[in-house]
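Chemist: Before we start, here is the structure in question, set down as structure tokens.
FYI, it's all coordinate maths here, none of it is from the lab. The shown structure was predicted, so the numbers you read here are calculated from the model rather than taken from an experiment. As a convention, Cβ positions derive from the backbone with ideal geometry for all residues, glycine included, and neighbour counts pool all protein chains shown.
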Amino acid sequence: MRKILLLIASAFLTHASMAQSIAEQGCGTITSDEEMQPIYEYVRTLESAKPKGTAGVDSIPLSIHIVTKDDGTGGYPLQNVFPLICSLNTRYAPASMYFYIAWPIRYINNTSYYIHNFSVGYQMMQTNNVAQSVNVYFVQDPSGTCGYFSPGADGVAIGINCAAVNSTTLVHELGHFFSLPHTFRGWENGATPPVYQQEYVKRGVGANCTTAGDGFCDTDADYLGSRWACPYNGFNVLLDPLGDTVKPDPTLYMSYSMDACMTRFSPLQIGSMQNNLYGIRNALRLRPSTPYAALSTPNVFLPANKVMYSNTKYVMWNKVPGAQYYYVKITSAALPTVVRQEALTTDTFLNISIAMVNGGNYLATVVPLQEKNVCGAHTAAYTFSYSAALGVDDVATHQRPLSMVPNPANTETRLQVPNVKNGSYAIRITNIAGQSILQQDLQHSGGTFSIPVSTQYLPNGIYSVRITGNGLSMVEKLVVQH
Ligand SMILES: [Zn+2]
């Protein structure tokens with residue numbers, strides 16, 4: 001048997017000039033011999049292995065944890081979360097697996113988790129994992145890697161720099177989560193496995209693909225344990241113990257080729273993931289979820305001439321049936337990809353908290369979301385200019401179910417809702433800090449709801465006014481200006 005030729009370091013210089021931090025960071029997951037047993041069992045008993053239970057797509061809950069520094073800064077932007085999950089689902093569609101968001105998205109402000117080593121990462125997952133879901137933690141630095149799956153803590157950590165929307169790191173780590181080893185198993189971190197664990201290139205008689213490497217005969221032998229560019233350039237002459245040339249498949253997500261090369265899981269990899277899902281991870285499938293709901297584009301209430309004033313700094317839109325959250329983003333009009341302010345809210349308005357420049361142009365984006373519908377197909381967006389002057393909130397004159405006139409209010413405003421049913425209602429006014437200012441229950445005999453609200457003693461500011469009851473739930477914003 002011939003020896004494996006050593007990889008030549010210079011061969012990797014080709015990708016050193018490409019997105020360095022991503023290219024040079026790898027995955028921190030090593031599949032142990034013990035964890036390989038279900039794979040070997042699966043490939044050995046393929047015919048009798050538990051097939052996927054249904055022909056349909058399985059919904060799998062994702063608990064998303066965004067880890068920030070202690071001061072709350074530096075977290076993975078929400079702007080990227082939803083397209084990333086969309087892309088994840090496109091890539092997992094051939095496996096009939098569909099990931100949905102198990103709300104809420106959780107924030108953890110902890111610098112020692114933000115940049116962590118494996119043992120602190122383990123502790124982070126143990127402390128914060130949500131049961132019956134796949135827990136994914138977005139951090140700045142997951143122990144010097146792009147990402148890893150921790151079998152002990154049963155969670156996945158992903159580095160922000162490896163979570164660009166077209167990145168495959170999350171796809172890869174979830175492959176580990178659902179049982180898959182690397183296609184180059186044994187060669188991780190520059191290691192050379194014992195000869196009997198080196199997968200032969202050959203298939204059929206004399207092959208060892210069910211007992212060596214990743215255990216799958218439909219993934220080519222792969223000895224490349226560092227990032228490599230595709231197509232395989234052949235500069236590295238890798239020979240297996242039988243003397244055959246190793247030509248790893250760059251299209252497999254579980255290899256270490258580049259993001260742009262990866263497009264698939266093999267059929268046996270898919271079978272193993274499904275086997276895992278229907279076996280030890282069956283609880284994920286059984287978690288109750290809300291059926292997919294189609295969403296419509298929200299109608300955003302535009303200020304007159306699209307000018308926003310210093311006392312009317314908010315974005316407001318109508319409730320979209322089926323939407324569970326709204327993702328709202330404020331950017332400058334010239335740099336729409338640079339987030340200035342973003343929020344996930346169940347309200348139908350967002351106060352703008354960023355400092356805006358007088359005369360500056362900005363873009364407001366509102367995306368309705370539902371746990372299984374996060375691809376943003378029904379995004380509403382509008383540009384506006386900002387004026388540092390005081391202005392009149394003409395939004396109240398638009399057709400809205402709940403209106404307050406005048407708004408901004410000085411000593412009093414009148415709250416109106418047309419066509420309400422006979423029944424009891426609750427009105428609640430909160431200030432911008434969320435403190436309750438007024439709470440009132442009342443009966444209404446039906447028709448137009450119209451009551452005066454005194455604002456005489458309220459300090460200048462922005463308030464949230466809610467009316468609930470009898471199937472009604474509305475929230476609008478009131479500006480008090482004396
Ligand atoms: Zn990996």
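Chemist: Relative to the present Cα-Cα distance, how much length would full extension add between R203 and N361 at 0.36 nm per residue of separation?
Modeler: 50.6 nm
Chemist: List the cysteines in the chain whose Cβ has no other cysteine Cβ under 4.7 Å from it.
Modeler: Cysteines of the chain left without a disulfide-compatible partner: C27.
Chemist: Could you give the size of the charge dipole of the stretch 304-391 about its Cα centre, using +1 on the Cβ of each K and R and -1 on the Cβ of each D and E, expressed in debye and rounded to the nearest 20?
Modeler: With only Lys, Arg, Asp and Glu charged at Cβ, the dipole is about 100 debye.
Chemist: Rg(Cα) of the chain divided by 2.2 N^0.38 Å?
Modeler: The value comes to 1.20.
Chemist: Rounded to the nearest 5, what % of DSSP beta bridges with both residues in the stretch 9-286 are antiparallel?
Modeler: 20
Chemist: 5 Å is the cut-off here: which amide hydrogens, built 1.01 Å from N in the peptide plane, fall below it relative to K477, excluding neighbours closer than 5 in sequence?
Modeler: Result for K477 returns V465.
Chemist: Calculate one ³J(HN,Hα) per residue across the stretch 321-336 by plugging θ = phi - 60° into the Karplus curve 6.51 cos²θ - 1.76 cosθ + 1.60, and present them in order as whole Hz with x for glycine and proline.
Modeler: x, x, 6, 9, 9, 10, 9, 10, 9, 10, 9, 6, 5, 7, 10, x
Chemist: Here's another thing I want to ask about it. Based on other C-beta atoms within 10 Å, arrange W187, W317 from fewest to most.
Modeler: In order of increasing Cβ crowding within 10 Å: W317, W187.
Chemist: For the chain, what is the mean residue ellipticity at 222 nm derived from helices alone (per DSSP H run of n ≥ 4: -39500 (n - 2.57); sum divided by total residues; nearest 500 deg cm²/dmol)?
Modeler: -4500 deg cm²/dmol
Chemist: Quote the relative contact order of the chain in percent (integer), defining contacts as alpha-carbon pairs under 8 Å separated by 6+ residues.
Modeler: 12
Chemist: So, one more: Quick one: go through the stretch 353-372 and flag any residue whose amide nitrogen is under 15 Å from the point 7 Å out along the Cα-to-Cβ line of A389.
Modeler: 358-360
Chemist: If you plug each phi of the stretch 221-230 into the Karplus form 6.51 cos²θ - 1.76 cosθ + 1.60 with θ = phi - 60°, what whole-Hz ³J(HN,Hα) values come out, in order, with x for Gly and Pro?
Modeler: Coupling constants for the stretch 221-230: 3, 9, 10, 9, x, 10, 4, 9, 8, 9 Hz.
Chemist: Taking amide hydrogens as modeled 1.01 Å from N in the peptide plane, which residues meet the under 5 Å criterion relative to T31, leaving out close sequence neighbours?
Modeler: Correct list: H182.
Chemist: Now, a different point. Once amide H atoms are built 1.01 Å from N in the peptide plane, which residues 5 or more positions from V246, or in another chain, come under 5 Å H to H?
Modeler: Amide H neighbours of V246, under 5 Å, 5+ apart: L238, L239, D240.
Chemist: Calculate the FRET efficiency for V300 and Q123 from the Cβ-Cβ distance with a Förster distance of 35 Å, rounded to the nearest 0.05.
Modeler: 0.20
Chemist: Give the peptides 439-447, 277-285 in descending order of average Cβ contacts within 10 Å, highest first.
Modeler: 277-285, 439-447
Chemist: Something else now. Beyond a 26 Å Cα-Cα separation, which of these cross-linked pairs lie in this structure: K69/K372; K329/K372; K319/K372; K69/K477?
Modeler: K69/K372; K69/K477
Chemist: In whole angstrom, note down how far apart the Cα centers of the stretch 61-139 and the stretch 446-461 are.
Modeler: 42
Chemist: Using θ = phi - 60° and the Karplus relation 6.51 cos²θ - 1.76 cosθ + 1.60, list the HN-Hα couplings for the stretch 430-437 in order, rounded to whole Hz, with x at every Gly or Pro.
Modeler: 10, 8, 5, 7, x, 7, 6, 9
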